[in-house]
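Chemist: What follows is a single structure, and I will ask about it in a moment.
The values are calculated or read from the model by the stated rules, or taken from the named source; none is laboratory data. Everything numeric in this text was worked out from a predicted model, so none of it was measured. Heads up, the Cβs are rebuilt from the backbone with ideal geometry, glycines too, and the neighbour counts pull from every protein chain shown. Heads up: the accessible areas ignore ligands, DNA and RNA and are worked out on the full protein's heavy atoms, side chains in. Shrake-Rupley method; radii C 1.70, N 1.55, O 1.52, S 1.80 Å.
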Amino acid sequence: MNIALTTRCNKNCSFCFARAHRQESSPQDMALADFQRLVELALQDSPPQPLKLLGGEPTIHPQFVEMLDFLTRKNVRATLISNLLYTDARVRARLYQAALEGVIDGGLANAAELEIDNHLEIFKANFTALQEACAKHGRGYLTAGITLSRRKSAAEETAYVEYLAGNLEIACLRLSLDFQAENKKDEFFINNKEQGEKILAIVHKCLDLRIPPSWDCKLFPCMFEPKTFQKDIIGFINSLRTGCPVDGAPFDVFPDMSYIHCYPARILCGKNILKFSRISEAQGEIAFLKKALRGLSQHSLPDACRDCGYYQTGQCDSLCPGCQEITAPFLVNQVASSTGL
């Protein structure tokens, strides 16, 4: 479960998909009491729900230290998803201690666009410190992550990977696609061989630098030639995701206690997660909505998907074609009427 502690952020990434969905003039912070109730809900499942702390930027929540204290008292582990650009000495010390104790069990550090505004220096200091703490505890590790921008060439992207490798001790690099931002064309990634070739070039660069790559969200098989996809990509990345089952997909809770499946499919949502007695009940609701929406969405599939062997054999989840939002009014209305929401 992804817990968005705040909508505030101290970075302005060009590819940010969350920026368009938050009100900059009225940022929201999760109340400490709501956070505590949410953690208690996660503990009701067996095994307990894994927790990820994110935002916005979680470390700038005004009660972030108190939230770490609560996790420590409850002996709950969580991973951190952060840009690591915090400068508050109290936050830095508490996070380091939480990582030493195993309360912060590794995480994902947003290493994108660090060449801007001298972000690298701050990031490197915090990244190195947290890596050291995780290593001492022997549990979890930090993964650096970047988002591949549609505005950058393969040469620019691989040069940035070299830049990171030359400045940071990276154990693994998580690659994400610029799947939201200003893209309004549903089929942007579908059958886009140019993007597929760029991804392959970056994967090869990672391997040349001895940095194992991994993937966030999903890739569409049709971006690659069949032989390339079956041998090259699969051979490099065993954890490649081409499907998105609800039990293994993002499940985000926001500061106001509303919740969604993920940003591309945020029509699958609810207003108050605290109405449930355990998190798995909310996930079951989302799974039901997703099944209904997938059935309805068959009518809006591009022909390229209908005829695709990967789709026909269930290897490609086309719920969110091209990693875009599902906004067709008839789908919204149909899901609402079929579920009574």
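Yes/no per residue for (1) open to solvent by 20 Å² or more (accessible area, probe 1.4 Å); (2) touching a strand residue (DSSP E or B) at 6+ places or on another chain (Cβ under 6 Å); (3) modelled with pLDDT of 85 or more:
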{"position": "ILE199", "(1), (2), (3)": "no, no, yes"}
{"position": "ASP208", "(1), (2), (3)": "yes, no, yes"}
{"position": "GLN230", "(1), (2), (3)": "yes, no, no"}
{"position": "ASP252", "(1), (2), (3)": "no, yes, yes"}
{"position": "ASP256", "(1), (2), (3)": "yes, no, yes"}
{"position": "ARG266", "(1), (2), (3)": "yes, yes, no"}
{"position": "LYS271", "(1), (2), (3)": "yes, no, yes"}
{"position": "GLU281", "(1), (2), (3)": "yes, no, yes"}
{"position": "ALA287", "(1), (2), (3)": "yes, no, no"}
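Chemist: For the condition acidic (Asp, Glu), open to solvent by 30 Å² or more (accessible area, probe 1.4 Å) and either within 18 Å of LEU54 (Cα to Cα) or outside any helix (DSSP H, G or I) (or both), what is the one hit in GLU169, GLU121, GLU132?
Modeler: Working: GLU121 fails: either within 18 Å of LEU54 (Cα to Cα) or outside any helix (DSSP H, G or I) (or both); GLU132 fails: either within 18 Å of LEU54 (Cα to Cα) or outside any helix (DSSP H, G or I) (or both).
Only one candidate qualifies: GLU169.
Chemist: Among the numbered criteria (1) within 15 Å of ALA4 (Cβ to Cβ); (2) in a helix (DSSP H, G or I), which single criterion is violated by GLY56?
Modeler: Failing condition for GLY56: (2).
Chemist: Separate question: Which of the residues spanning region 77-102 are in a loop (DSSP other than H, G, I, E, B) and surrounded by fewer than 17 Cβ atoms within 10 Å (Cβ to Cβ)?
Modeler: THR87, ASP88
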